[in-house]
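K.L.:
Here it is, the structure in full.
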Amino acid sequence: MVTMVPQTDPGASYRAARAEIDAAVRRVLDSGWYILGEEGAAFEREFGAWLGAETVGCGNGTDALVLALRGLGIGAGDAVATVSHTAVATVAAIEMADALPVLIDIDPHFYTMEPADLEAVLIKPPPGCPPIKAVIVVHIYGQAAAMDEILAVAARHGVKVIEDCAQAHGATLHGRNLGTLADAATFSFYPTKNLGAFGDAGAVATADAGLARRLRALRQYGWERRYISDMPGINSRLDETQAAVLRVKLRGLDAGNARRRTIAAAYDAALAGTAAAPPLRRADAAHVFHQYVVQLEDRDSVQKRLAAQGVGTGIHYPVPVHLQPAYAGRLPMGPRECRATAAAAGNILSLPMFPEMTDAQLEQVCAALRRL
Ligand SMILES: Cc1ncc(COP(=O)(O)O)c(C=O)c1O
């Protein structure tokens, strides 16, 4: 009987800090204050100091995108460009904000937005497409998108840029934290993320104090004053319990990212000479390996062989958004028609990746990889 190394293991992050997390949760329960209180405010300060921007907590990473769009004044009658190679949440959030998603292809090596496809839709929008007012760039798997090029394209066409950092807590480009490079950035603290809560949680980051103030109102019925809605808002607040957990886990984030890099380097070495292509690293960028994704021609059979050797894997994501039943055929696309996106979906495989992976588990995975 082989013991399975899971692809991810959020429970291990609880076991690794059990005493501190139990104490933090108990402190909230004892306080009698459960939503938008001192823990949330402290987490926003601490996360903001760590990141280098003002941060506003909210219910999850999807709502963070909705809030960022609405805070930037984007909604009905606007279009927003993003990628099809992402968690469906990115695209769902655009529709939740009443805007129209326009799907852009990816660079097949880095899996991030192809700047030339973006510029092409900005120069010549698809027929009937409302004006594209913003771009949501996804730093997928924990590595920066081509931000220099995308920011230059966006500046040429006067569109706002939101960084979707749901998978990129702690990643950098040219030494600067992702999440501080554009008009706003969003984070998810879903339990498996590099910084994960034990439930849903999210945040928006921005250097614009006016936007931060609007976000604080939008997340709670548009209130700037209690019970008075100055603008139509939503309910997407950060729980005190999750904030208290996140304060504990934030202290271990940099070490967790370092361990992810160590695991990635071990995988690189184990894959040398095999048919699996390891992830490419962008120059002058620090990858935080939310996922370690290889490309393989015979992905499905390799996945089965790895499972037989006790190696859990995942596919992020098996069906691109533009081919999902809910979206197929109804969203405009860039001129490349997401061809690289569709091709990548058939070849990608995510290996086990979580900081609490033991050396024995790591060796079990590497031994299986060397046999590929
Ligand atoms: C790239 C990306 N964007 C957005 C989200 C949405 O975050 P949440 O699940 O917290 O709503 C996720 C996570 O699932 C994600 O990976």
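K.L.:
Leaving ligands, DNA and RNA out of it, rank F198, F110, F43 by accessible area with a 1.4 Å probe, largest first.
P.N.:
F198, F110, F43
K.L.:
Another question about this same structure. Dipole magnitude of the range 214-274 about its Cα centre, charges +1 at Lys/Arg Cβ and -1 at Asp/Glu Cβ only, in debye to the nearest 20?
P.N.:
160
K.L.:
Then there is this: So if I restrict to the alpha-carbon atoms in the chain, what is the Rg, and what is Dmax, the biggest pairwise distance, in Å?
P.N.:
For the chain, the Cα-based Rg and Dmax read 20.5, 64 Å.
K.L.:
Reported to two decimal places, what Rg/Rh ratio describes the range 54-134 when computed on Cα atoms with Rh from the Kirkwood expression? Could the numbers behind the result be given before it?
P.N.:
Values: Rg = 13.0 Å, Rh = 13.3 Å.
Rg divided by Rh gives 0.98.
K.L.:
Per residue, how big is the convex hull around the C-alpha atoms of the range 286-329? Give it to me in cubic angstrom, could you?
P.N.:
For the range 286-329, the hull spanned by Cα atoms encloses 133 Å³ per residue.
K.L.:
Over all alpha-carbon pairs in the range 216-371, figure out the percentage whose distance exceeds 28 Å.
P.N.:
Values: 5520 of 12090 pairs.
For the range 216-371, the share of Cα pairs beyond 28 Å comes to 46 percent.
K.L.:
Given just the C-alpha atoms of the range 205-244, how large is their convex hull per residue in cubic angstrom?
P.N.:
Value for the range 205-244: 84 Å³ per residue.
K.L.:
Let me ask something else. Bin all alpha-carbon pair distances of the range 216-276 at 5 Å intervals from 0 and give each bin's fraction as a whole percent.
P.N.:
With 5 Å bins starting at 0, P(r) equals 4, 15, 11, 9, 10, 10, 9, 8, 8, 7, 5, 3, 1.
K.L.:
Take every Cα-Cα pair in the range 68-180 and report what % of them are more than 21 Å apart.
P.N.:
30
K.L.:
Could you state how much accessible area I234 has, in square angstrom rounded to the nearest 10, with a 1.4 Å probe and all protein chains kept in place?
P.N.:
Its accessible surface works out to 40 Å², give or take rounding.
K.L.:
Over the chain, average the accessible area per residue using a 1.4 Å probe and give it in Å², no decimals.
P.N.:
Dividing the accessible area of the chain by its residue count gives 40 Å².
K.L.:
Using the Cα atoms of the range 178-239 to build a convex hull, what is its mean projected area in square nanometres?
P.N.:
Computed as one quarter of the Cα hull surface, the answer is 4.8 nm².
K.L.:
222 nm [θ] for the chain, helices only, -39500 (n - 2.57) per DSSP H run of 4+, per residue, to 500?
P.N.:
Theoretical 222 nm ellipticity from helices: -11500 deg cm²/dmol.
K.L.:
Follow-up question, since we're still on this one. Taking only complete DSSP H runs, can you tell me which helices of the chain stretch 24 Å or more along their own long axis by Cα positions and average at least -1.0 on the Kyte-Doolittle scale? Could you put the intermediate results ahead of the total?
P.N.:
On the way: long enough: 253-271 (27 Å, -0.09).
Those that clear 24 Å and a mean of -1.0 are 253-271.
K.L.:
Kirkwood hydrodynamic radius of the range 158-300 from all distinct Cα pairs, in Å?
P.N.:
Kirkwood hydrodynamic radius for the range 158-300: 17.5 Å.
K.L.:
Pop the C-beta distance of E38 and D98 into the FRET formula with R0 = 30 Å and round what comes out to the nearest 0.05.
P.N.:
FRET efficiency, E38 to D98: 0.30.
K.L.:
In nm, what is the difference between 0.36 nm times the number of residues separating A155 and A360 and their Cα-Cα distance?
P.N.:
68.9 nm
K.L.:
Okay, moving on. Distance from the Cα centre of the range 140-182 to that of the range 243-304, in angstrom?
P.N.:
First find each Cα centre; the distance between them is then 19 Å.
K.L.:
At a probe size of 1.4 Å, how large is the accessible area of C58, to the nearest 10 Å²?
P.N.:
Rounded to the nearest 10, that gives 0 Å².
K.L.:
If you don't mind, another one. Need one word for the range 1-97: rounded, prolate or oblate. Basis is the Cα gyration tensor (sqrt eigenvalues a ≥ b ≥ c); a/c below 1.5 gives rounded, then a/b vs b/c decides.
P.N.:
On the way: a/c = 2.60, a/b = 1.31, b/c = 1.99.
Note, shape of the range 1-97 comes out oblate.
K.L.:
Right, here's the next one. List the chymotrypsin sites (Phe, Trp or Tyr not before Pro) in the range 199-244 that DSSP assigns to loop (not H, G, I, E or B) and whose Cβ has at most 15 other Cβ atoms within 10 Å. Which are they?
P.N.:
Here the sparse-neighbourhood loop sites are Y227.
K.L.:
With unit charges on the beta carbon (Lys/Arg positive, Asp/Glu negative), name the residue among P108, Q291, H157 whose Cα is farthest towards the positive pole of the charge dipole of the chain.
P.N.:
Looking along the dipole axis, the top candidate is Q291.
K.L.:
In percent, what relative contact order does the chain have, based on Cα pairs under 8 Å that are 6 or more apart in sequence?
P.N.:
Details: 796 pairs, mean separation 91.1, N = 372.
Computed over the chain, the figure is 24 percent.
K.L.:
Leaving out ligands, DNA and RNA, what percent of the accessible area of the chain is carbon and sulfur, probe 1.4 Å?
P.N.:
Its accessible area is 55 percent carbon and sulfur atoms.
K.L.:
Indicate, rounded to the nearest 5 percent, the antiparallel portion of the DSSP beta bridges found entirely in the chain.
P.N.:
The answer is about 55 percent antiparallel.
K.L.:
I need the shape label for the range 252-333. Rule: rounded when a/c is under 1.5, else prolate if a/b > b/c, else oblate, with a, b, c from the alpha carbon gyration tensor.
P.N.:
Taking the square roots of the gyration eigenvalues as a ≥ b ≥ c, the range 252-333 is oblate.
K.L.:
Set the Förster distance to 51 Å, then compute FRET efficiency between R18 and A116 from the Cβ-Cβ distance, nearest 0.05.
P.N.:
Efficiency, rounded to the nearest 0.05: 0.55.
The values are calculated or read from the model by the stated rules, or taken from the named source; none is laboratory data. Keep in mind the model is a prediction, meaning the values are calculated, not measured. Cβ coordinates were reconstructed from backbone atoms using ideal geometry, including for glycine residues, and neighbour counts include every protein chain displayed. We work out accessible area using only protein heavy atoms, side chains counted, and drop any ligands, DNA or RNA first. Shrake-Rupley method; radii C 1.70, N 1.55, O 1.52, S 1.80 Å.
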